[in-house]
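To keep things clear, I will list the structure first and then write my remarks on it.
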Amino acid sequence: MTQEQILEGNKLIAEFMGYKYVVVGYFGETDQSDWQLHNAGWIWLMQVVEKIEKLEEGCFHVFMADTDCNIYFSSKYDKNGNEWNAPSFRQSTGSKITSTWQAVVQFIQWYNKEQNAQVSDTTMSNNNSKAD
């Protein structure tokens, strides 16, 4: 993983958790915000895992074993009863924390895309209703 990929992943996680990600630096050198994610340890990462597992009324599960992490959806329906074809996000990097971080980043990218699509669909439906 490159430093740029780590920074982008950290930003994505921070925003998912409701934090504003700020990079502070002088003369081109950067220090990460108070959410120094990737190499910070399990405490921050477990907060993210717990949030993922609470989404959609607990339909997402995070399974970690040895050096693997798998995030999967336990139901084919979302909390509103709509069919949801959620993929599984599995990583095996040789390090449990890195595998978990990478699976979390992949999951958040997918989840954000799904949320944006749902908002877009709702907006289009509302606009079509107003046109009638």
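Rule-based calculations on the coordinates, nothing more; no lab input. Everything numeric here is computed off the predicted structure, so don't read it as measured data. Positions of Cβ are backbone-derived with ideal geometry, glycine not excepted, and every protein chain shown enters the neighbour counts.
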Item to complete: At 7 Å along the Cα-to-beta-carbon direction for both E8 and E50, put a label point, then send me their distance in nm to one decimal.
Response: 3.0 nm
Practice prompt. Please turn the phi angles of the stretch 47-56 into ³J(HN,Hα) values with the Karplus equation 6.51 cos²θ - 1.76 cosθ + 1.60 (θ = phi - 60°), one per residue in order, whole Hz, x for glycine and proline.
Written response: 5, 5, 4, 5, 5, 4, 5, 8, 5, 6
Discussion item. Could you order the peptides 9-16, 89-96 from most to least packed, using the average number of other C-beta atoms within 10 Å per residue?
Written reply: 9-16, 89-96
